[in-house]
1. Residue 61 is checked against (1) surrounded by 16 or more Cβ atoms within 10 Å (Cβ to Cβ); (2) in a strand (DSSP E or B) and fails just one. What number does that condition carry?
2. Among the residues of segment 88-100, count how many are away from the ligand (no atom under 13 Å from the Cβ) and in contact with a helix residue (DSSP H, G or I) (Cβ under 9 Å, 6 or more places away or on another chain).
3. Would you say residue 49 is in contact with a strand residue (DSSP E or B) (Cβ under 8 Å, 6 or more places away or on another chain), modelled with pLDDT of 95 or more, part of a loop (DSSP other than H, G, I, E, B) and surrounded by 12 or more Cβ atoms within 10 Å (Cβ to Cβ)?
4. Quick check on my filter: what residues within segment 83-102 are more than 13 Å from residue 21 (Cα to Cα) and assigned to a strand (DSSP E or B)?
5. Name the residue, out of 75, 54, 67, 83, that is exposed (fewer than 13 other Cβ atoms within 10 Å of the Cβ), within 14 Å of the ligand (Cβ to nearest atom) and without any contact (Cβ under 8 Å) to a residue 60 or more places away in the chain.
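The values are calculated or read from the model by the stated rules, or taken from the named source; none is laboratory data. What you are looking at is a predicted structure, and each value in this text was computed from that prediction instead of being measured. All Cβ positions, glycine included, derive from the backbone under ideal geometry; neighbour counts span all protein chains shown.
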Ligand SMILES: [Cu+2]
C-alpha cells in the first residue's frame with residue numbers, strides 16, 4: 001500500500017529535464033540554453049579545462065553555487081519559475097551563460 005502511494009506521487013511529479021553543460025577553453029558550452037518555466041531541471045556540469053577561471057558555477061536566481069572539480073560531473077537541480085533570462089556565471093562573474101526561460 002505504501003509502495004503504491006510512493007509510485008503514485010512519483011508519477012504525478014513532472015519529470016526533470018536533463019541538461020548537460022561543459023566548461024571548456026571557450027567558456028560554458030552551451031552558453032545559451034532554452035528551457036520552460038516550471039519545468040524541473042537536472043543540469044549536469046563537467047569542467048574539462050584548467051585554463052579558465054571557471055572553477056565554480058553560480059546560478060544566483062536559483063540560489064546555487066557549487067565548486068566544479070576538474071572532470072567531475074556536478075548536478076544542479078532547480079526549477080525556473082519565472083519567464084525571462086537567468087544567467088549562470090563563474091565564481092567571479094567573468095564567464096557567463098544565459099538560461100532563457102519561456
Ligand atoms: Cu571567473
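1. It is condition (2) that residue 61 fails.
2. First pass over segment 88-100, keeping only residues away from the ligand (no atom under 13 Å from the Cβ): 98-100.
Right, trim to in contact with a helix residue (DSSP H, G or I) (Cβ under 9 Å, 6 or more places away or on another chain) and you get 99.
Of the residues in that region, 1 qualify.
3. Numbers: in contact with a strand residue (DSSP E or B) (Cβ under 8 Å, 6 or more places away or on another chain): yes; modelled with pLDDT of 95 or more: yes; part of a loop (DSSP other than H, G, I, E, B): yes; surrounded by 12 or more Cβ atoms within 10 Å (Cβ to Cβ): yes.
Taking the combined requirement at face value, the residue satisfies it.
4. Once the filter is applied, which keeps residues that are more than 13 Å from residue 21 (Cα to Cα) and assigned to a strand (DSSP E or B), segment 83-102 yields 84, 85, 86, 87, 100, 101.
5. Working: 75 fails: within 14 Å of the ligand (Cβ to nearest atom); 54 fails: exposed (fewer than 13 other Cβ atoms within 10 Å of the Cβ); 83 fails: within 14 Å of the ligand (Cβ to nearest atom).
Going through 75, 54, 67, 83 in turn, the sole match is 67.
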